[in-house]
Every structure is written in C-alpha cells, then in structure tokens.
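What follows is a short report on a single structure.
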Amino acid sequence: MEGLGINLPSLIAQLFNFGLLLVLLYAFAYKPIIKMLDQRSARIRESMEQTEHIKRQAEQAEKETARLISEASKEGQKIVDQAVQIGEETKQKAKQDAKIEAERLITKAKLEIERERDDAIAELRSAFADLTILAAGKVIDRSLDKEQHRQLIDKVLEESKLLDVN
Amino acid sequence: MAKKKGCLGCSFPVAIVIGIILLTVGVISLLGGALGKELFSNISLPAWLSVPSPEPELPASVIFHLFGFPITNTIITSWITILFLLMVFYFGTRNMKLIPSRYQTIVESVIGYLLGFCEDIAGVKYGRKFFAIVATIFLFVITNAWISLIPGIGTITIHTIEGHAELFRGVNTDINFPLALALISFVFVEYWGIKTLGLGYFKKFINIRRFVASIKLLFRGQFKSAISGLFYGAMDIFIGLLEALSEIMRIISFTFRLFGNMTGGEILLLMMLFLAPFLLALPFYGLELFVGFIQALIFSGLTLVFANIAITPAHSEEEH
C-alpha cells in the first residue's frame, strides 16, 4: 500500500475534487445544456408537426378550391344555359311582337287605303254627277230643275252601283 | 482539375527539405538518446541534447501543506483539470441560444454524445439519472489523461521540503484518484440499486430461500427432494456470496485498470523519450491520446452497465 502511494488524505482530496467537479459541471454544463438540447428537440418536433399540419391544411384547401371551382363552373354553365334559353325566348317573343305589329300596321294601312279610295270614289261620283248634269243640260238644252236632276242622277248611280256590286 | 505534382501537399523540393530535416532530427534523437549512447559510445553530443535517465515513482509527491493537509502534485493537477473543464463549460453555456454558436455546438455535442451514450444503454429514464455521475467520470478521466500528455508538463519541477518534485503529474497515475473514482462508482451503483429495488436489491446476494425450504422438507420427511433442494440451496447461497464478492472486487479492478493503464502509458512515454528524445516518441503520444479516451469510456461505460444491472430485478424465485 505504501509503495503504491495509497493514503487517506489524498483519497479524501480526490473524492472531494470529484464531488466539486460534479457539482460545478452539473450547474454549468449538464443542467443548461440538457435543458437546451431538450428545448431544441421539442422545438424541432413542434415545427415539424406544424409543417405537417400546414401541409395537410394546404391539401385540404386545395381540394376545397378545386371543389369550389368545379361547382362554380357548373353554376356558370347553368347560368349561361339559362341565359341562352331566355335569349331564345326573347327573340321568339320579339319576332312574334314584330309580326303582330306588322300585321296591325298592314291592317291599318289597308283600312286607310280603303277609306281613301271610298273618299275618292265619292268625290269622283259627285264630280261626275255635276259634270253629267252640265253635259246633259247642254245636250237637251234645257235646264232641269237642279233638285230633280240630282235625284235622277243619284238614282242612276244607285242602279249602276248595284250593277257594280253585281 | 489537374493533379498537383508533389508529395503530401508540398512541392517536391519542399517535401525533400522537410524529409531531410526529419531524418536529421531522427538521427540526432537516436544518437542523443540512451540507445545511441549504448551503440556509439565514442560520439559525444552537446550536454543539452542528452536526456537524464527517468526515475518514475508511484506515490505522488507532496508539494506543500494546506492547514496541515498534504497537497500532492496530482491534487494540484486535478484542480487544473477542474478549472479547465469549468472554464470550457462556463464559456460554452454562459450565453446559450436556441440557434447555437460554433462554440456552443462543440460543448453541446460533447454533452449530447455522453447523454446519448447513457440513454442508449440504460434507457431514457435511468440514463438521465445516471448521466451526471457517468459524464463527470468520463470528462474527469479523459481531461486528466490528456492534460498529462501536454509535452513537457512533467519537466516543471519545484523545490519542496523533500527535495525536487514535479509540480504537475497526471492525476490518473496517482492511485488515490482511480480508487476514489472506483469508490464513487461503487457507492452510486449500490445506491441506485437499493433506491430502485428497495430491499429486493439484496436478494441477489443473500439467496437462502431454497435452502430454508429444503430444511422444512427434511422435517416433513421428504428426503429425496429435500437433499437435492439442500444441494441447490447451498449453491444459491454460494452464488449469492460470489455476487457480493464480485461487487467488492469491482472496486479493485476499476482502480487498477485505470491506474495501470495510465501509469504504464506514462512510463512508456518516459522510456521512449529517454531512448530517443525526438520524433520516435511521437506515435506513442497518439497511442496515449487514444488510451486516455478508451479508459475514460471504459470507466464511465462500466459504471453505467453495472448501474443498469443493479436496477434490474434479480430472477424471482417464482420462476423456479
């Protein structure tokens, strides 16, 4: 033992040194570093989880967007179809209206024309009667009683009208 | 990329010059050392090149007394080790950030390596419990070993009452230090065992259950089974005693493994430096660096393994 150098004071000193180092390292190395390592790994795990979460969210959002787009597209198609239909209807209606209007105008014009013609005929007839009276007066050289005369002509014309109609 | 001409990153002329210098140093080292003196006794070299013969001694020298307490050179060196480790970790952990600086990364990786080592062997729960002791053993032993490898650290001598003494000496080579570590390792292993298993921890040392049961059988008259039971019971007791003895023997094996390796390494280096002062001892420094690491790893690793065994319950009797 003596030759090896074992002695109690040195042993106690080395035990004390070890204890001292243990305490110092615990305070200055193990505790803060392990805390930091744990903190860092927790942080990394957290951020990885977060990334995963965000990725999932993004995927969901993408799916949702796709769904919305397809829905909107369908909706749009429907609206366009509706619009086309309405347009068609409107066109048809306009056509109808135009046709009706045209017919109305034509009828009106026809009536007008008829009225014009009747007026013209009446005028012509009156002028013709006057002319006939004048001519007849000239021919028979006698002046008929104007009133008598007119009656006569009217009678003739009435007959002729009947003839006309027939 | 064109391949560079030359040897080991130097151009040929530089490599040749370096080679010649190394060769000269090697030759001088051979001639100046003890080997050269034996072989070529007629060559005399200047006095500053000849190396005095080493006188290794096992007990550490007392440098001074502090309040009547002898302070040896190994105690002084262990204080330096403590101071060094404290400084390394103090500056490494003074200003810790989640995104570490380079220096912080270094100290963190050392601690992280040791923590991983503990957790790998003993699991996360117990590994963290054992960590402080195991890591302190590792760091203390390896730093002691490497500090005593600083070239020339053993040449600083001091006048004491008992004559010349080295001021610094590798702590691992003073048997009191390995013994102290072994005692600490032993005490903590037993403490963890008792704390984890309670009184059941002693089951593996005092194993008389089968013996007692066999004696009962003997009184009941079941001789055949009683005799075989007595035999196995006696064996159990013997194995328990062996367990207990091996537990005690660990202290000695721990002590002398570290002490022997480190003292042997120290003497090897002294001898190599004596035989050939320059250059030739260099590979042995590399070897001793490695040995220091391995011894630190073995001491802390064995403590860890023994602690892990101690907290594992012994095979219960119900299994038989």
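General remarks:
- A:G5 vs. criteria at positive phi and within 14 Å of chain B (Cβ to nearest Cβ): yes
- Test result for B:G233, surrounded by 20 or more Cβ atoms within 10 Å (Cβ to Cβ), over 22 Å from the mean Cα position of the chain (by Cα) and under 30 Å from A:A29 (Cα atoms): no
Per-residue answers, yes or no, for (1) surrounded by 14 or more Cβ atoms within 10 Å (Cβ to Cβ); (2) within 20 Å of B:V187 (Cα to Cα):
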| residue | (1), (2) |
| --- | --- |
| A:L22 | yes, yes |
| A:I33 | yes, no |
| A:A42 | no, no |
| A:H53 | no, no |
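- Considering each residue of the stretch A:46-68 in turn, none proves to be at the interface with another protein chain (Cβ under 9 Å from one of its Cβ atoms), at pLDDT 90 or above and out of contact with any strand residue (DSSP E or B) (no Cβ under 9 Å at 6 or more places or on another chain).
- Selection status of B:F238, surrounded by 13 or more Cβ atoms within 10 Å (Cβ to Cβ) and either among the hydrophobic types (A, V, I, L, M, F, W, C) or more than 14 Å from every other protein chain (Cβ to nearest Cβ) (or both): no
- Condition met for B:S214 (under 18 Å from B:A234 (Cβ atoms) and either within 14 Å of another protein chain (Cβ to nearest Cβ) or surrounded by 15 or more Cβ atoms within 10 Å (Cβ to Cβ) (or both)): yes
For every residue, the table says whether it meets (1) touching a Phe, Trp or Tyr at 6+ places or on another chain (Cβ under 9 Å); (2) of a type outside the set (D, E, K, R).
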residue: B:F211; (1), (2): yes, yes
residue: B:I237; (1), (2): yes, yes
residue: B:L241; (1), (2): yes, yes
residue: B:I248; (1), (2): yes, yes
residue: B:I252; (1), (2): no, yes
residue: B:R257; (1), (2): yes, no
residue: B:F274; (1), (2): no, yes
residue: B:L302; (1), (2): yes, yes
residue: B:F306; (1), (2): yes, yes
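- Scanning the stretch A:30-45 for residues that are more than 7 Å from chain B (Cβ to nearest Cβ) and among the hydroxyl-bearing types (S, T, Y) gives a single hit, A:S41.
- Qualifying residue in the stretch A:22-29 (condition: within 14 Å of chain B (Cβ to nearest Cβ), closer than 30 Å to B:L115 by Cβ and in contact with a Gly (Cβ under 9 Å, 6 or more places away or on another chain)): yes
- Inspection of the stretch A:37-50 finds no residue satisfying the criterion of being closer than 30 Å to B:I71 by Cα, in contact with a helix residue (DSSP H, G or I) (Cβ under 9 Å, 6 or more places away or on another chain) and either not in a loop (DSSP other than H, G, I, E, B) or not aromatic (F, W, Y) (or both).
- If the condition is being closer than 16 Å to B:E57 by Cα, in contact with a Phe, Trp or Tyr (Cβ under 9 Å, 6 or more places away or on another chain) and among the polar types (S, T, N, Q), then the stretch B:131-159 contributes only B:S148.
- Count of residues meeting criterion [surrounded by fewer than 21 Cβ atoms within 10 Å (Cβ to Cβ) and within 8 Å of chain A (Cβ to nearest Cβ)] in the stretch B:55-67: 2
The values are calculated or read from the model by the stated rules, or taken from the named source; none is laboratory data. Keep in mind that what you see is a predicted model, and the values were worked out from it rather than measured. Because the Cβ atoms are built from the backbone with ideal geometry, glycine has one as well, and the counts that use them run over all protein chains shown.
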